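Reading through the structure tokens given below for one structure.
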Amino acid sequence: MGTKKKTAKKATKAESAVPRIFVLHGPNLNLLGEREIGVYGRLTLKELNAKLVAHAFAKKCRIKIHQSNSEGELIDLLHGCRKVTDVVVFNPGAYTHYSYALRDAVAAIHIPTYEVHLSNIHAREDFRKISVIAPVCAEQISGFGWESYTRAIDAFLKGDR
């Protein structure tokens, strides 16, 4: 009986040059368009993701997008992306303000990570002004609605890290 050797397909030079973006949405972002319209607007998560896919396509990038309300799942997703992505665009939601576990996960993966927020967290309640995650990120971008995400992508592509 012969054995077949499995060979992994090597990425071509052109494929490896295409930036790989991983967008991670944290808790309650699945309710965009329904919750606190005055703060977050009417755009749904599905619509936001479509804008991000279109932006990545226009910039000739590959993009993967996930959302989770679970801190442990967010950590697992960060760990899992560490060898297959070039940049993480992360909206940690309320975990921004107290999740040292997510902070440690971002620090551990050694990938440029941009913390993003739809609203301007520095103009909101005092507890929202503090991010335990920002110190291990390339940059924090907040207050530009869905464009906070595209600004993060563009900053990475320009080399602002």
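The values are calculated or read from the model by the stated rules, or taken from the named source; none is laboratory data. Computed from a predicted model, the values in this text were never measured in an experiment. Because the Cβ atoms are built from the backbone with ideal geometry, glycine has one as well, and the counts that use them run over all protein chains shown. The area values use the complete protein model at the heavy-atom level, side chains included, leaving out ligands, DNA and RNA. Shrake-Rupley method; radii C 1.70, N 1.55, O 1.52, S 1.80 Å.
Can you tell me which residues in region 16-49 are small (Gly, Ala, Ser), over 17 Å from THR96 (Cβ atoms) and assigned to a loop (DSSP other than H, G, I, E, B)?
GLY33, GLY41
Kindly provide the set of residues from region 114-131 that are crowded, with 17+ Cβ neighbours inside 10 Å and closer than 17 Å to VAL89 by Cα, ordered by number.
TYR114, GLU115, VAL116, HIS117, LEU118, SER119, ILE121, SER131
Looking at region 78-85, can you tell me whether even one residue there is within 19 Å of LEU29 (Cα to Cα) and open to solvent by 10 Å² or more (accessible area, probe 1.4 Å)?
No; the residues of region 78-85 include none that is within 19 Å of LEU29 (Cα to Cα) and open to solvent by 10 Å² or more (accessible area, probe 1.4 Å).
Condition test on VAL89, is it under 15 Å from SER148 (Cα atoms) and open to solvent by 70 Å² or more (accessible area, probe 1.4 Å)?
In short, no.
Are there strands (runs of 3 or more DSSP E) fully within region 54-161 with at least 1 residues that are of a type in the set (Asp, Glu)? List them.
113-117, 139-142
For region 105-135, how many residues meet the condition of being of a type in the set (Asp, Glu) and free of Cβ contacts under 8 Å to residues at least 12 places away in the same chain?
So the count comes out to 2.
Go through the residues of region 135-155 one by one and say whether even a single one is open to solvent by 40 Å² or more (accessible area, probe 1.4 Å), in contact with a helix residue (DSSP H, G or I) (Cβ under 8 Å, 6 or more places away or on another chain), among the aromatic types (Phe, Trp, Tyr) and modelled with pLDDT of 95 or more.
Yes; the residues of region 135-155 include at least one that is open to solvent by 40 Å² or more (accessible area, probe 1.4 Å), in contact with a helix residue (DSSP H, G or I) (Cβ under 8 Å, 6 or more places away or on another chain), among the aromatic types (Phe, Trp, Tyr) and modelled with pLDDT of 95 or more.
Anything in region 44-77 that is among the aliphatic types (A, V, I, L, M), open to solvent by 50 Å² or more (accessible area, probe 1.4 Å) and in contact (Cβ under 8 Å) with a residue 12 or more places away in the chain? List them, or say none.
VAL53 - this is the single residue of region 44-77 that is among the aliphatic types (A, V, I, L, M), open to solvent by 50 Å² or more (accessible area, probe 1.4 Å) and in contact (Cβ under 8 Å) with a residue 12 or more places away in the chain.
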